[in-house]
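K.L.:
Submitted below is the structure of interest, expressed as structure tokens.
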Amino acid sequence: MLKKLWYESFKIFLKITLHFYTKRIHITGQENIPKKGAVLFTANHPNALMDPLYIAAFNKREINFLVRADVFKKSLIKKMFATLNMMPIYRMRDGRSSLSNNQEIFEKCYGILNQKKSLLIFPQGGHSRDRTIPQLSKGFTRILFGALAVNTDLEIHVIPVGITYQNSTQYPSKVAIQYGTPIAAHDIIKKNATKVATETLKKEVRDQLKSLCVHIPMDDNYQKTLQMLNDASVNYTDVSAVNEVIHFNQQLPKKPKNRSIFDVLYLPTYLNLLFPFLAWKLVAKNIKQIEFVDTFKFGIGVLLAPIFLVLQSVLLASLTSTNVGVIYLIASVLLFLIYTKTASTPTES
């Protein structure tokens, strides 16, 4: 009971902070999510830990999800992540010996599905900002087979989830989350041989993901197409329109990057959060993978911005009056929110 209360409280906290961090969060297809029963969400993975946070925060189901094991290295972080239904998944790069730990994790996944709960997995096998859906690994099918081995009558719905960012390294960005059509895993596995069922599941999930997020085929024209879309300043979160351009090989004219008159709020917004901004700049120098930029930026903002604003408000109140401190705090929060919701959101550079 306490764990569920903590999860739901953290979910509310995430919703609020993500709205302050993101210009627009567009979600479609939520009617495809069953209210009850076992569900395996299969999502693309362009933006490290931000992907499960966006999906979990705005999903009506309580989600358990697998996260790359290297973020669990610190014992305190490991314990906290566990309270939020996060489980580590080990890869070859984490050391061959660590792969044996995955069996315990898979057993937990079988149990989660057999308890008719929901599980989120990223079947690409790793994160990548490339705007394409590669061939999927068979790890998610192993979980399905394992869960059905425990309970042969278990109905499991596999729901592909496409997540698309306007530009995941720039604040503020726009995000589109699209839920696909449920796939009856039980029927596919029971009616086909193992190999056929595996390939069928992989194909059905991949085919849906290619329409649920922006998909540029990874061929010789990939970079040319991506550059054309960037030069045209397309709205990537209008997924179907962008995919139509790609599918029909349309050529869009160059268009100046979208600018907002509210971009003038950049300077006062950042000066008002000077120390969190400087802390971010210091940390940013040590981020080795671009997919983690947004994760650290969001984390530092959530941790330091509220503390810094409150301390500034208390200091101002002590120098003037309580009313002045309160007015300053409210004005600062509104300034930050207005900038987030109105500033321009550039495409990739």
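K.L.:
In the chain, which helices (entire DSSP H runs) extend 20 Å or more along their own long axis, judged by Cα positions, while averaging at least 0.5 on the Kyte-Doolittle scale?
P.N.:
On the way: long enough: 2-21 (28 Å, 0.26); 194-212 (27 Å, -0.81); 293-319 (37 Å, 1.81); 322-342 (30 Å, 1.55).
Counting only whole DSSP H runs, the qualifying helices are 293-319, 322-342.
K.L.:
Roughly what % antiparallel, to the nearest 5, for the DSSP beta bridges in the chain?
P.N.:
In the chain, DSSP labels about 25 percent of beta bridges as antiparallel.
K.L.:
Let me ask you something else. Wrap a convex hull around the Cα atoms of the chain, take a quarter of its surface area, and give that in square nanometres.
P.N.:
If you wrap the Cα atoms of the chain in a convex hull and average its projections, you get 20.4 nm².
K.L.:
Can you tell me the order of 72-85, 35-48 when each peptide is scored by its average per-residue count of other Cβ atoms within 10 angstrom, highest first?
P.N.:
35-48, 72-85
K.L.:
Over region 261-342, one equal point on each Cα, no solvent: what is log10 I(q)/I(0) by the Debye formula at q = 0.26, 0.27 Å⁻¹?
P.N.:
-1.24, -1.27
K.L.:
Quick one: compute a quarter of the convex hull surface over the Cα atoms of region 168-262 and quote it in nm².
P.N.:
Reported value for the Cα convex hull: 8.6 nm².
K.L.:
Additional query: List the pairs from LYS138/LYS285; LYS116/LYS174; LYS138/LYS254; LYS116/LYS203 whose alpha-carbon separation is above 30 Å, in the order I gave them. Walk me through the intermediate numbers first.
P.N.:
Working: LYS138/LYS285 35 Å; LYS116/LYS174 33 Å; LYS138/LYS254 40 Å; LYS116/LYS203 24 Å.
Pairs exceeding 30 Å: LYS138/LYS285; LYS116/LYS174; LYS138/LYS254.
K.L.:
How many nm separate the modelled label positions at SER9 and GLN135, each set 7 Å beyond the Cα in the direction of the Cβ?
P.N.:
Going by the 7 Å Cα→Cβ label model, 4.8 nm.
K.L.:
Sticking with this one: Could you line up HIS19, HIS157, HIS247 from fewest to most neighbouring Cβ atoms inside 10 Å?
P.N.:
Placing the least packed residue first, the sequence is HIS247, HIS19, HIS157.
Read-outs throughout are calculated quantities, based only on the coordinates presented, and are distinct from any laboratory measurement. Since this is a predicted model, take the numbers as computed values, not measurements. Every residue, glycine as well, gets a Cβ built from its backbone with ideal geometry; the counts of neighbours run over all protein chains shown.
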